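S.K.: Take a look at the following structure, please.
The values are calculated or read from the model by the stated rules, or taken from the named source; none is laboratory data. Nothing here was measured: the structure is a model prediction, and the numbers come from that model. Please note: Cβ atoms are built from the backbone with ideal geometry, for glycine as well, and neighbour counts cover all protein chains shown. Accessible surface is based on the protein model in full, side chains and every heavy atom, while ligands, DNA and RNA are left aside. Shrake-Rupley method; radii C 1.70, N 1.55, O 1.52, S 1.80 Å.
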Amino acid sequence: MMVRLILLFFIFFLALRPSYTRPAPYALRISCGARNDVHSPPTNTLWNKDFAYTGGIPTNGTRPSFITPPLQTLRYFPLSDGPENCYNINRVPKGHYSVRIFFGLVSEPNFDNEPLFDVSVEGTQIYSLQSGWSNHDDEQIFVEALIFLTDGSASLCFHSTGHGDPAILSIEILQVDDRAYNFGPQFGQGTILRTDRRLSCGAEKPRFDVDYSGDHWGGDRFWNPITTFGQRSDRTITTKSSIKQSSNSPNFYPEALYQTALASTNNQPDLEYTMDVDPNRNYSIWLHFAEIDPLVTSTGQRVFDILINGDVTFQDVDIANMSGDINTAFVLNKTIAVNGRTLTITMHPTKGHALINAVEIFEVIVAESKTLPDEVRALQTLKNALGLPLRFGWNGDPCVPQQHPWSGADCQFDRTSSKWVIDGLGLDNQGLRGLLPNDMSKLRHLQSINLSGNSIRGPIPSSLGAVTSLEKLDLSYNFFNGSIPESLGQLTSLQILNLNGNSLSGRVPAALGGRLLHRASFNFTDNAGLCGIPGLPTCGPHLSLGAKIGIASGSCVALLLIFTCLMCWWKRRQNILRAQRIAARDAPYAKARTQFSRDVQMARHHGHENARTATENGPSLLS
Ligand SMILES: *[C@@H]1O[C@H](CO)[C@@H](O)[C@H](O)[C@H]1NC(C)=O
Ligand SMILES: *[C@@H]1O[C@H](CO)[C@@H](O)[C@H](O)[C@H]1NC(C)=O
Ligand SMILES: *[C@@H]1O[C@H](CO)[C@@H](O)[C@H](O)[C@H]1NC(C)=O
Ligand SMILES: *[C@@H]1O[C@H](CO)[C@@H](O)[C@H](O)[C@H]1NC(C)=O
Ligand SMILES: *[C@@H]1O[C@H](CO)[C@@H](O)[C@H](O)[C@H]1NC(C)=O
Ligand SMILES: *[C@@H]1O[C@H](CO)[C@@H](O)[C@H](O)[C@H]1NC(C)=O
Ligand SMILES: *[C@@H]1O[C@H](CO)[C@@H](O)[C@H](O)[C@H]1NC(C)=O
């Protein structure tokens, strides 16, 4: 009844819809490894030349199957380029997308032929390649997922698992309707649907939507043909009649999908499809029907129940009745948890025979939260500043997929922001060089940093004092110089501080020195000249700014005084010299005067009058 109401609503909506055509969906296709744009037959599809990759090597590839796009090149990622490599595609409008990646094989004969690796999209692992994938002409040669891209970019990463080098032939990012494949309450930004398979029942050939001239908003799905479910007497039915209600928003299923079907016969009334699945996952199952059997002309002639893994999921399905007419499409969907390794869909008729046109199976994957963007940027700055070796990877997201975190970065889930944060950095003895960037303070959840045993030079950034959660800071055995920033004194949680084996000098901040009393383990030995705490030499007098100003002005006054004295001395000396010169010139007179003084001195003993005259003359010569 509900389905009928929805359908009626759609018909109503379509009838009212003005003759406006929707703009074309966003579509980006990349031919990996290609130096130039490529146009592929038969639709002249544009594949962009390779861009947005983080590493890897372009080379010629072989197409493992005829359904892979007709592209000659691929990009592969040797382990020496790091364990994870990505394509980071920017300027992707916010929306709902079908993201598809075709795998390739490097054409050189001495190559390990079939690499096995993991694939993640936006930090969520969506697929692990299974051995034997390259021998299948079906969904196993690509991975496809429906995902909401909300931050203007798409990050697709390939994670080495030690079984060959990931090799990628093509990437497609195709926008679909925002409501496409709405499988129920869980649908939205928190979930990703990975396409497990799409079966076009009764069809002879594999087809993409584009082969069916399907609407571009459908996302160019791949439909694998299936002519029997492996039972004794499945029967294929085909029609050339046009199908009502196909190619409708939001899923735009191609009409041709409903023009073929599989039906059961008297020999075996049940129609049953069984497939292998990974246990303990949720699967979203979409079943497509249209009453195209010419023998069934009205409602009530074909009625069946649908069981999924033995549970009746849809009861009394009457295609003609539920779709409203014969040759009319309708879709049922159901999401179930599968505990075992198989998924079985059974159509059990209660009237007539069972019939089905198409099956879609998706794995429902809970999308991972990413790492706080500020912290990702800070790690990238650190990666560049310290010249982190390629083998570290450090592409994509640091913490997710959780199966492949960055080595050297410890992650923790922060419940308040619902994001991952970095709480530890362990990059000791990695041959790092360069300067420690100020940006490190953006890693404000760090509890421990170990950069011991590298060749990092320059100052210890004072911004580290802002990482207040820091408990362990080991910068020992590097080439840090300058003084220990005062700000480190603000790190009140610091338990271990190893700065030994550097070229640091100057006074250890008093706030750190004081902490030594509280069972903290600090090591400042083997430096260029640290001072000021027990165990290190004492520093020169510690001077405040006021004292420094005092000393400076004091010195100025002293200098002025010395200068004045010097001036006085010099002037006096000049006078003496002048006096001597005068004396030398008037030598006879001087002699006479000396004589005279002597006379006066001798006269002193005799009378006061003469003595006074003589001494009054004397000083006048010297002044
Ligand atoms: C790829 O193939 C082309 C010719 O098809 C050849 O010219 C080129 O050298 C090959 N490149 C590599 C890396 O093998
Ligand atoms: C799929 O099923 C869910 C719940 O059973 C329903 O809410 C939703 O409308 C269905 N989607 C479509 C497109 O029929
Ligand atoms: C499957 O879905 C249920 C609820 O819909 C959820 O609780 C469970 O965690 C899901 N399982 C997996 C493996 O995603
Ligand atoms: C579908 O079946 C119901 C009850 O069996 C009936 O009332 C209704 O008219 C049928 N609808 C169509 C389109 O045949
Ligand atoms: C840092 O790493 C070095 C060398 O690997 C190790 O000896 C030291 O104990 C580590 N420091 C801390 C604080 O764990
Ligand atoms: C630290 O070392 C660098 C060279 O690595 C030098 O340019 C700089 O002047 C030094 N700084 C101090 C404070 O000694
Ligand atoms: C401090 O480091 C030096 C080497 O630089 C080492 O010999 C010493 O044992 C360390 N002291 C402590 C208390 O760990």
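S.K.: Inspect all residues belonging to the stretch 361-384 and state whether any of them is of a type in the set (D, E, K, R) and within 16 Å of ligand 4 (Cβ to nearest atom). Quick ask: steps written out before the conclusion?
M.R.: So the first thing to find is which residues in the stretch 361-384 are of a type in the set (D, E, K, R), and the list is 363, 368, 370, 374-375, 377, 383.
Within this subset, residues satisfying the condition of being within 16 Å of ligand 4 (Cβ to nearest atom) are none.
No, the stretch 361-384 has no match at all.
S.K.: Okay, moving on. I'm told Gln447 meets every condition in (1) away from ligand 5 (no atom under 15 Å from the Cβ); (2) under 30 Å from His159 (Cβ atoms); (3) open to solvent by 50 Å² or more (accessible area, probe 1.4 Å) except one. Can you identify the failing condition by its number?
M.R.: Checking Gln447 against (1) away from ligand 5 (no atom under 15 Å from the Cβ); (2) under 30 Å from His159 (Cβ atoms); (3) open to solvent by 50 Å² or more (accessible area, probe 1.4 Å), the one that fails is (1).
S.K.: Looking only at the stretch 464-500, count how many residues are more than 14 Å from ligand 5 (Cβ to nearest atom), more than 30 Å from the chain's Cα centre (by Cα), at pLDDT 95 or above and open to solvent by less than 60 Å² (accessible area, probe 1.4 Å).
M.R.: 3
Okay, residues lined up against (1) open to solvent by less than 30 Å² (accessible area, probe 1.4 Å); (2) in contact with a helix residue (DSSP H, G or I) (Cβ under 9 Å, 6 or more places away or on another chain); (3) of a type in the set (A, V, I, L, M):
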site	(1), (2), (3)
Glu204	no, no, no
Ser233	yes, no, no
Tyr253	yes, yes, no
Ala263	yes, no, yes
Asn267	no, no, no
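S.K.: Next question. I'd like the residue in the stretch 388-406 that is modelled with pLDDT of 95 or more and open to solvent by 40 Å² or more (accessible area, probe 1.4 Å) and, out of all such residues, is nearest to the chain's Cα centre (by Cα).
M.R.: Pro405
S.K.: Where in the stretch 69-156 are the strands (runs of 3 or more DSSP E), entirely inside, with at least 3 residues that are touching a Phe, Trp or Tyr at 6+ places or on another chain (Cβ under 8 Å)?
M.R.: Qualifying strands (runs of 3 or more DSSP E): 84-90, 95-103, 116-121, 142-149.
S.K.: Answer yes or no as to whether Gln140 is out of contact with any Lys or Arg (no Cβ under 8 Å at 6 or more places or on another chain), in the same structural domain as Ile57 (by TED's automatic domain parsing), crowded, with 16+ Cβ neighbours inside 10 Å and at pLDDT 95 or above.
M.R.: Taking the combined requirement at face value, the residue does not satisfy it.
S.K.: Could you say which residue among Val303, Val364 is farther than 26 Å from Asp209 by Cα, at pLDDT 95 or above and touching a Ser or Thr at 6+ places or on another chain (Cβ under 7 Å)? Talk me through it step by step, then tell me what you get.
M.R.: On the way: Val364 fails: farther than 26 Å from Asp209 by Cα.
Exactly one residue qualifies, and that residue is Val303.
S.K.: Any idea which residue in the stretch 300-328 is nearest to ligand 6 (Cβ to nearest atom), counting only those that are open to solvent by 40 Å² or more (accessible area, probe 1.4 Å) and part of a loop (DSSP other than H, G, I, E, B)?
M.R.: Asn309
S.K.: Can you find even one residue in the stretch 365-386 that is open to solvent by 20 Å² or more (accessible area, probe 1.4 Å), hydroxyl-bearing (Ser, Thr, Tyr), outside any strand (DSSP E or B) and away from ligand 5 (no atom under 16 Å from the Cβ)?
M.R.: yes
S.K.: Counting only residues that are outside any loop (DSSP other than H, G, I, E, B) and under 33 Å from the mean Cα position of the chain (by Cα), how many does the stretch 167-208 have? Write out each step before concluding.
M.R.: Filtering the stretch 167-208 down to residues outside any loop (DSSP other than H, G, I, E, B) leaves 167-176, 191-201, 207-208.
Then keep just the ones that are under 33 Å from the mean Cα position of the chain (by Cα); that gives 167-176, 191-198, 208.
Number of matching residues: 19.
S.K.: Also, quick follow-up: Please enumerate the residues belonging to the stretch 235-251 that are within 16 Å of ligand 2 (Cβ to nearest atom) and open to solvent by 30 Å² or more (accessible area, probe 1.4 Å).
M.R.: Hits for the stretch 235-251 are Gln245, Ser247, Asn248, Ser249.
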